[in-house]
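Below: one structure, written as structure tokens.
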Amino acid sequence: MRQSQLFPKTRKEAPKDATSVNHKLLVRAGFIDQLMAGSWTLLPLGWRVITKINQIIREEINAVGGQEMLMPLLHPKEIWSETGRWDKADEIMYKLKDARGKEYVLSFTHEEIVMDLLRKNITSYQDLPVCVYHFSTKFRHELRAKSGILRGREFMMKDLYSAHTTEKGLTDYYEKVKGAYSKIFKRLGFNFRVVEASGGVFTDKHTHEFQVLNANGEDVIYICDSCDFAQNKEIFKGKVGESCPRCKKGKISEEAKTVEVGNIFPLGTWYAERMRMFFTDRDGGKKPVWFGSYGIGPTRVMGTWVEVSHDQSGIIWNREISPFDIHLIELPGVKNTEKIYEDLKAAGIDVLWDDRDVPAGQKFADSDLIGIPVRLVVSERNGDKIEWKERFSNTSKLLTLNEIINSFGK
């Protein structure tokens, strides 16, 4: 893409009310725009990143049997009243009435909606298990919408739901999803921990969160210095320095600050019993389904990446989720940049070409701010070679176009 056509342009200054790194950099670099507190537009650069995040999630969820669909965002009061969450979750729900007085809620999650789908379509044990998911908008009444795109009132969520005939079936699948989530966050490039946590308004059982280590994070976890034990501060009952309750060998380390990017919930039969989702088992008896819920926030993932991967000049994307593979910088006097651009595209490389008529210093500053992993500089002094510089590095090298194409292996 030609940068002269990219909407919108970069900004020199961060918004005055911005305090978090992701808020400052994502707005300045043109990835997101704030409509109001907790409500964000994903601009073209931001949508490119989210699309790549979603594809990584999609691949790993499909690999454990997930089937993608899309559910409504406007829900009738009646379906939430069946579980009592119309009142129980009142603090975080956006409720509204139509002209006839009928009451609705904007989706903050979809357990009741999936359970309704199941009872309409599942009759026998032969119809189970079912594992369905979607990427959709969630609405939650955050009293303090802050930290940029990390804590919004309207945000994107991938939520997966599974229904099983037995508790063992749910437990086995829960562990599969835990493994799939670990693969997702490894592919995304995060330093994360799988953390035991409370179930909030979803369940009274312990659940698991996927927490990215970050000194500016809002959550606090306690971890073992020897094994993978980790617990959220909300449920941790020990003390720093005590023996690990799991391995008995390690010690519980000092508390660590983190940002939550995903969570999984073993919900049991609670929803099925209240919404009368019963199936006929092998012996002809009626049984409630065992239910699980699993979420990842792609927009939160994008904001978290910026929090942990930036410097004083801007964002540092990795190749997996960067909006483009290469940022091609054309300096004055060069006449063959368009051919280089076309050859890179023909090789399957996604290129942002800075073809603007602006000073070189502005091009370099914008390139660092946007944070694409590889910067190529075409200038007269380099002859038929192109300067290659990686965003995380202070050094550069001269390569031929063929060497550049071969390095991407596309």
> Among the listed residues ASN22, ASN54, which satisfies the condition of being in contact with a Phe, Trp or Tyr (Cβ under 7 Å, 6 or more places away or on another chain) and either in a helix (DSSP H, G or I) or not charged (D, E, K, R) (or both)?
Replying inline: ASN54
> When the residues of the stretch 111-136 are filtered to those that are in a helix (DSSP H, G or I) and touching a Ser or Thr at 6+ places or on another chain (Cβ under 7 Å), which remaining residue is farthest from ILE56 (Cα to Cα)?
Replying inline: TYR125
> From the set of residues in the stretch 232-255 that are in contact with a Gly (Cβ under 8 Å, 6 or more places away or on another chain) and closer than 23 Å to ASN214 by Cα, which is surrounded by the most Cβ atoms within 10 Å (Cβ to Cβ)?
Replying inline: ILE252
> Which of (1) among the polar types (S, T, N, Q); (2) over 25 Å from the mean Cα position of the chain (by Cα); (3) surrounded by fewer than 17 Cβ atoms within 10 Å (Cβ to Cβ) is the odd one out, the single condition THR41 does not satisfy?
Replying inline: (2)
>> Any residue at all in the stretch 73-87 that's of a type in the set (Gly, Ala, Ser) and in a helix (DSSP H, G or I)?
In response: yes
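Evaluate the stretch 313-333: report whether one residue or more is without any contact (Cβ under 8 Å) to a residue 12 or more places away in the chain and either assigned by TED's automatic domain parsing to the domain that holds PHE392 or assigned to a strand (DSSP E or B) (or both).
No; the residues of the stretch 313-333 include none that is without any contact (Cβ under 8 Å) to a residue 12 or more places away in the chain and either assigned by TED's automatic domain parsing to the domain that holds PHE392 or assigned to a strand (DSSP E or B) (or both).
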> Failed condition for LYS9, given (1) closer than 17 Å to GLN362 by Cα; (2) part of a helix (DSSP H, G or I), with all others met?
Replying inline: (2)
> Does the stretch 352-410 hold any residues that are farther than 23 Å from GLY189 by Cα and of a type in the set (Asp, Glu), and which are they?
Replying inline: ASP354, ASP355, ASP357, ASP366, GLU380, ASP384, GLU387, GLU403
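Among strands (runs of 3 or more DSSP E) lying entirely in the stretch 180-284, which contain 2 or more residues that are aliphatic (A, V, I, L, M)?
Numbers: elements: 192-197, 207-213, 219-223, 230-232, 256-268, 278-280.
The strands (runs of 3 or more DSSP E) meeting that bar are 192-197, 207-213, 219-223, 256-268.
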>> Here is a check on your reading of the model: is TRP305 in the same structural domain as LYS24 (by TED's automatic domain parsing) and in contact (Cβ under 8 Å) with a residue 60 or more places away in the chain?
In response: yes
>> Within the stretch 7-33, take every residue that is touching a strand residue (DSSP E or B) at 6+ places or on another chain (Cβ under 8 Å) and surrounded by fewer than 19 Cβ atoms within 10 Å (Cβ to Cβ) and give me the one that is farthest from LEU188 (Cα to Cα).
In response: PRO15
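Which residue out of TYR104, TYR125 is more than 17 Å from PRO72 (Cα to Cα) and of a type in the set (Phe, Trp, Tyr)?
TYR125
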> Exactly one of (1) out of contact with any Phe, Trp or Tyr (no Cβ under 9 Å at 6 or more places or on another chain); (2) in contact (Cβ under 8 Å) with a residue 12 or more places away in the chain; (3) in a helix (DSSP H, G or I); (4) surrounded by 13 or more Cβ atoms within 10 Å (Cβ to Cβ) is unmet by GLU59. Its number?
Replying inline: (2)
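Residues checked against (1) at pLDDT below 95; (2) farther than 27 Å from GLN55 by Cα:
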residue: LEU188; (1), (2): no, no
residue: ASN191; (1), (2): no, no
residue: GLY199; (1), (2): yes, yes
residue: LYS205; (1), (2): yes, yes
residue: VAL212; (1), (2): no, no
residue: LYS287; (1), (2): no, yes
residue: ILE296; (1), (2): no, no
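The values are calculated or read from the model by the stated rules, or taken from the named source; none is laboratory data. Computed from a predicted model, the values in this text were never measured in an experiment. So basically every Cβ, Gly included, is an ideal-geometry build from the backbone, and we count neighbours across all protein chains shown.
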